[in-house]
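First the structure, in the form of structure tokens, and then the observations on it.
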Amino acid sequence: MNKMFLLGALFCCGCATYNYASNVKMISFDDNVQKGQSVGQVRGEDCTWNVLGYQLGGLPTIDRAFTNARFGAGGLEAAGFQQTKRVDGLRYVNNVTTKNEGFNAGVVAKNCIVVTGMGYK
């Protein structure tokens, strides 16, 4: 009986990934350990839109938000309407914070994961 309860509890309590980070010291995108040149504050986001209750595209993810921050992608890339030119991106980002942003206007809604930090090349 105890084994059945434990097995049932394992199936009910699955694993989950979380799309947030707070005060992360550094996220590196390559293996170069030399200090880079600061490019200032960077911001990347991944968004999804809802129109009349229908979600356009998949849920926003933190990895796409980091990719957009690394390559300087704008709002069209974050919404999936344009491809980012992946040339000469950031090497690392310090003091990383993520948060959820967006709005809900009833008919139209926007949900985003936003990544901010100090970027270095």
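Coordinate-derived values only; no laboratory data. Values in this document were obtained by computation on a predicted structure and should not be read as measured data.
Under 16 Å of direct C-alpha separation, and excluding same-chain neighbours fewer than eight residues apart, residue 99 reaches these aspartates and glutamates: 45, 46, 63. Within straight cross-link reach of residue 121, meaning Cα distance under 14 Å, which aspartates and glutamates are found once same-chain residues fewer than 8 apart are removed? List returned: 30, 31, 88.
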